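Worksheet: the structure to be examined is printed underneath.
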Amino acid sequence: MCRSIQQLRGAQPPATDDEVRDAALQYVRKISGYRAPSAANQEAFDAAVAEVASATRRLLESLVVAPGSKPAEPVQRRVRARA
């Protein structure tokens, strides 16, 4: 899949809305084949990004993370950089 999409599960602090949207944008870009859609496709593209971001947020909020479970290394670096 898209290597620039980061694992957001278990991030401390939790993933921001911008991080969730960025992941959704990368996913929609990958599956649509558009980095920047044409004006004719912009509305559909934006709607897909919003729907994927919403589904991602719901997923992250409903996951049960086991005690002692650690996020993937890229998330740990992101969290340290943000702190």
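Here are the numbers for the structure shown:
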{"item": "Which of 18, 46 is most accessible, then next, and so on - probe 1.4 Å", "result": "18, 46"}
{"item": "Fraction in percent of alpha-carbon pairs per bin - 5 Å, segment 25-66", "result": "5, 23, 25, 17, 12, 8, 5, 3, 1"}
{"item": "Extension gain (nm, one decimal) between residue 41 and residue 17, 0.36 nm per residue minus Cα-Cα", "result": "6.3 nm"}
{"item": "Zone of residue 34's modelled label, taken as backbone nitrogen in segment 49-68 under 16 Å from a point 7 Å along Cα→Cβ", "result": "49-52"}
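The values are calculated or read from the model by the stated rules, or taken from the named source; none is laboratory data. From a predicted model like this one, the values you see are computed outputs, not experimental measurements. All Cβ positions, even for glycine, are placed from backbone atoms using ideal geometry, and neighbour counts span all protein chains on display. These area figures cover heavy atoms from the full protein model, side chains too; ligands, DNA and RNA do not enter into them. Shrake-Rupley method; radii C 1.70, N 1.55, O 1.52, S 1.80 Å.
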